[in-house]
Amino acid sequence: MTDRTTKFALALHGGAGAQSGRSYARAEAHLKTLAEEGERMLAAGASAVDVVEKMVCEMEASGLYVAGRGSAANSAGYVELDAAIMDGTGRNAGAVAAIRDVKHPISAARALMDKTPYVMLAGDGATKFAAKHGLETVEDPDEYYTLPDGTTAEDTQTETLAHGTVGAVALDTYGGLAAATSTGGVFGKPEGRLGDTPINGIGNWADGEVAISCTGVGEYFILSGGASMVAGGVKLAGDSLEKAVWRLLDDVKSLNGDGGVIAVNKAGDIVMAYNSDGMKRASVSSETPVTATTFAPCR
Ligand code: ASP
């Protein structure tokens, strides 16, 4: 095992669909509390993959974001969820797509990563896998699902808004990197629609150099190559993390999309960038205090 250091870093996002003029105070307060909890875990020697799973589980359970409890029904009237996790240490991954009635899709993705040779399961197969592995289920969807912070019932009827995917990226004190991302997808989506979130390499990525989580209209992140372009920029082109993140976001924008990215690297640098109105986000590291904001400029 690699020697332990005191260096760690953590970034969280609650989605880049935030709209100017709305308040996301509850989500910001929640992200701040989570960052403090993540800081304690990392300082105590928790692994990056355990921390990002825990952070995303808490966000899924809160109902404050469009993920887990805060997810809206698709156009056929039921909730389908997507999640992906990746552990840069040993380069392993798991993802579930269009899974139903599972409280923590990210833990289903984690179970797939830890317990099987597969990296992605979709639909009924994913739902059955989660049940088989004893993951908590939603017994009464009408009672369980709720409107996220800053969102109106009308928003959920629109077909144009991406809203509040959640994600976490971390560097642990052993030098390990991990990323986790979970979403209820975009509002008004048709049955079976998948975005970038459940695709490791697009909406989520971690290797030995970087960990990345994306948010925004997933179609554009797929068309732009997503998180793997950031990892490639750093590894192959020698870009700084910030430059590589903006290269992706600028490409998304050139396709008329928008969104945001959080990323950390093995040096402990944190980048949280977006080209939408705002991105709910928080960060902390061994060198920097906890911050949480939605609309503070990022460039
Ligand atoms: N990326 C997510 C998706 O396309 C949505 C979001 O980030 O808000 O499903």
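Below is a table of values for the structure above.
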{"item": "Any hit, region 56-72, residues being over 24 Å from T137 (Cβ atoms) and surrounded by fewer than 24 Cβ atoms within 10 Å (Cβ to Cβ)", "result": "no"}
{"item": "Region 209-238: number of residues that are of a type in the set (A, V, I, L, M) and open to solvent by less than 60 Å² (accessible area, probe 1.4 Å)", "result": "8"}
{"item": "Selection status of T116, farther than 19 Å from G185 by Cα, among the polar types (S, T, N, Q) and loosely packed, with under 14 Cβ neighbours inside 10 Å", "result": "yes"}
{"item": "Residue list for region 1-25, restricted to those being aliphatic (A, V, I, L, M), part of a loop (DSSP other than H, G, I, E, B) and open to solvent by 10 Å² or more (accessible area, probe 1.4 Å)", "result": "M1"}
{"item": "Unmet criterion (only one of (1) out of contact with any Gly (no Cβ under 9 Å at 6 or more places or on another chain); (2) open to solvent by less than 10 Å² (accessible area, probe 1.4 Å)) for E242", "result": "(2)"}
{"item": "Condition check for G150: within 11 Å of the ligand (Cβ to nearest atom), within 24 Å of V290 (Cβ to Cβ) and either at pLDDT below 95 or open to solvent by 50 Å² or more (accessible area, probe 1.4 Å) (or both)", "result": "no"}
{"item": "Pair list, Cβ under 8 Å, 6 or more apart: region 163-182 residue free of Cβ contacts under 8 Å to residues at least 60 places away in the same chain, other residue open to solvent by less than 10 Å² (accessible area, probe 1.4 Å)", "result": "none"}
{"item": "Hey, A267 out of contact with any helix residue (DSSP H, G or I) (no Cβ under 6 Å at 6 or more places or on another chain), within 30 Å of R4 (Cα to Cα) and away from the ligand (no atom under 16 Å from the Cβ) or not", "result": "yes"}
{"item": "Residue check, G225 small (G, A, S), within 19 Å of G278 (Cα to Cα) and free of Cβ contacts under 8 Å to residues at least 60 places away in the same chain", "result": "no"}
{"item": "Meets criteria (near the ligand (Cβ under 10 Å from one of its atoms), within 21 Å of S254 (Cα to Cα) and small (G, A, S)) for G184", "result": "no"}
{"item": "Residue ID - farthest from the ligand (Cβ to nearest atom), chosen from residues in region 194-230 that are assigned to a loop (DSSP other than H, G, I, E, B) and under 21 Å from Y174 (Cα atoms)", "result": "G208"}
{"item": "Inter-residue pairs, beta-carbon under 7 Å, first without any contact (Cβ under 8 Å) to a residue 40 or more places away in the chain and in region 245-256, second in a helix (DSSP H, G or I) and surrounded by fewer than 17 Cβ atoms within 10 Å (Cβ to Cβ), 6+ apart", "result": "L255/L223"}
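The values are calculated or read from the model by the stated rules, or taken from the named source; none is laboratory data. Given the structure is predicted, the values throughout are model-derived calculations rather than measurements. We place every Cβ from the backbone using ideal geometry, glycine too, and count neighbours over all the protein chains shown. Quick note on the areas: whole protein, heavy atoms, side chains included, nothing else; ligands and nucleic acids left out. Shrake-Rupley method; radii C 1.70, N 1.55, O 1.52, S 1.80 Å.
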